[in-house]
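Everything on this sheet refers to the single structure shown next.
The values are calculated or read from the model by the stated rules, or taken from the named source; none is laboratory data. Predicted, not measured: the structure shown is a model, and the values here were computed from it. Cβ sites come from the backbone with ideal geometry, for glycine too, and all protein chains shown count toward neighbours. Ligands, DNA and RNA are excluded from the accessible area calculation, which covers all protein heavy atoms including side chains. Shrake-Rupley method; radii C 1.70, N 1.55, O 1.52, S 1.80 Å.
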Amino acid sequence: MEKKFSSKIGFILTAVGSAVGMANIWGFPYKFQEGGLVFLLFYLAFVILFSYVGLSSEFAAGRMSPKGSLGSYEIAFESAGKSKKIARILGYIPLFALFLIAIGYSVIVAYVSKAFIDSLNGQLFTMPAEEWFNSFSSKNYGVVIYHIVIIILTILTCIGGAKTIEKSNKIMMPTFFVLFLILVIRILFLDGSIEGYKFMFRFDPSKINLDTIISAMGQAFFSLSLTGAAMVTVGSYTNDDVDLMNSSKQTGLYDTIAAILASCVMIPALSVFGMEQVGGPGLLFISLPTILQNIFFGRIFSIILYLAVIFAGISSLQNMFEPVVASLTGRFDKLSRNLALLIIGLVTIAISLNMETIDQVGHYMDIVSIYIMSIGASIGSITWFYILKKDKLLAEINKSSKKTYGDRWYKIGKYVYVPIAVVLTLIALIFKISF
């Protein structure tokens, strides 16, 4: 079986699935309500830039290689006459970061799964939201069954490679958008929601500052999964007749729509109930359940919310597992795909089950995202624009493209995009900021 997506829409939806995750659902709304229209405008500018040169270059680097992201690094270094051994060492860093993120991310998706089941059986509505959340997030092994089920589902959707990943995302991603649109409509009809929208889209000149710019920059960069491995692997499964630039723009567009939809649920709802602006787990597992407990048909909308977030979570986990599987099976010919998936799944469960409390997983995710993922992202950007031969990268970008891209595109990537990636890494390392 050839490891390729069967259609352009399958490729785009998989890329969107990789991009849409908790960063959209609880990260973006918090930053949006902090910075208002100023944050949104900077964010849109960076999404356009990163989609134009960042996503397209990662897709192109991936399509060059049939051996996953590791193969892409090897091709890049070979094109410059440099050591494949160094390429492998550097290429393993983004992969390692993705795998480590998957370990912590699986805990969060397990929380979401419990919220979904407790919405179905009504348990979430029998006690205050904070008490409900603490009942499982503050103790070891509080969501074991949900945790195991999520890992199994992720493995099953990855087992056929591009084929099953594409099929699952063709279901999960459209469903995610429809479910969140239903929630937006429901929140819109709450008394006082308009004030929340006004607050969200307010223009506050005092927010035109370096903090807002860095916040928007980091949110846009990591929301698009520019990790040096995830989108590279998605690109490796696409066909030569796909216009990578057009696909990059569409991915950036849908990822932004997902983030704005989430904000149109979260921010007005908080405003209606006069609740404190929060981000992270507190927003998804305390503030929103409290709101849902106090609105008509709240239980139904709670089911809708957490089902949508489960889909986003599994699609993101797919694209954390798959780069590791693709690179390992491409690197070690005797390692079967199913065995690689099984090993990754078992290791993920073995480690993540032992850090199911919110304090443990929060601290762990901060360490991984600050010290490893940000470095991996810089390694990828530098490799594509400073190691990989210019002609080779441009040839891949222009393959099946409706427009020809040349020096201008390349210079923006080399002298704007790469420095931004490096600056974000340095900011994360020096100031201990997790984007």
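Quick rundown of the values:
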{"item": "Odd one out for residue 246 among (1) open to solvent by 10 Å² or more (accessible area, probe 1.4 Å); (2) in contact with a Leu (Cβ under 8 Å, 6 or more places away or on another chain)", "result": "(2)"}
{"item": "Breaking point among (1) more than 25 Å from residue 358 (Cα to Cα); (2) at pLDDT below 95; (3) not β-branched (Val, Ile, Thr), for residue 179", "result": "(2)"}
{"item": "Residues that are at pLDDT below 95 and aliphatic (A, V, I, L, M), drawn from the range 65-79", "result": "70"}
{"item": "Leading residue by the ranking (nearest to residue 162 (Cα to Cα)) among those in the range 17-58 that are of a type in the set (Val, Ile, Thr) and at pLDDT below 95", "result": "20"}
{"item": "Scan of the range 212-235 for residues that are open to solvent by 20 Å² or more (accessible area, probe 1.4 Å) and not aromatic (Phe, Trp, Tyr), ordered by number", "result": "213, 214, 215, 217"}
{"item": "Residue 129 vs. criteria in contact with a Pro (Cβ under 6 Å, 6 or more places away or on another chain), open to solvent by less than 10 Å² (accessible area, probe 1.4 Å) and under 27 Å from residue 360 (Cα atoms)", "result": "yes"}
{"item": "Residue 257, sole failed condition from (1) free of Cβ contacts under 8 Å to residues at least 60 places away in the same chain; (2) assigned to a helix (DSSP H, G or I)", "result": "(1)"}
{"item": "Test: residue in the range 161-177 that is assigned to a loop (DSSP other than H, G, I, E, B) and touching a residue at least 12 places away in the same chain (Cβ under 8 Å)", "result": "yes"}
{"item": "Any chance residue 301 is within 18 Å of residue 172 (Cβ to Cβ), open to solvent by 10 Å² or more (accessible area, probe 1.4 Å), of a type in the set (Phe, Trp, Tyr) and outside any loop (DSSP other than H, G, I, E, B)", "result": "no"}
{"item": "Meets criteria (out of contact with any strand residue (DSSP E or B) (no Cβ under 6 Å at 6 or more places or on another chain), farther than 30 Å from residue 265 by Cα, open to solvent by 10 Å² or more (accessible area, probe 1.4 Å) and of a type in the set (Asp, Glu)) for residue 34", "result": "no"}
{"item": "Residue check, residue 87 open to solvent by 10 Å² or more (accessible area, probe 1.4 Å), touching a Leu at 6+ places or on another chain (Cβ under 9 Å) and not aromatic (Phe, Trp, Tyr)", "result": "no"}
{"item": "Leading residue by the ranking (most open to solvent (accessible area, probe 1.4 Å)) among those in the range 320-352 that are assigned to a helix (DSSP H, G or I) and of a type in the set (Gly, Ala, Ser)", "result": "350"}
{"item": "Among the candidates 155, 148, residue that is in a helix (DSSP H, G or I) and either touching a Gly at 6+ places or on another chain (Cβ under 7 Å) or crowded, with 20+ Cβ neighbours inside 10 Å (or both)", "result": "155"}
{"item": "Test result for residue 238, assigned to a loop (DSSP other than H, G, I, E, B) and either open to solvent by less than 10 Å² (accessible area, probe 1.4 Å) or under 30 Å from residue 324 (Cα atoms) (or both)", "result": "yes"}
{"item": "Test: residue in the range 102-117 that is open to solvent by 70 Å² or more (accessible area, probe 1.4 Å), touching a residue at least 12 places away in the same chain (Cβ under 8 Å) and in a helix (DSSP H, G or I)", "result": "no"}
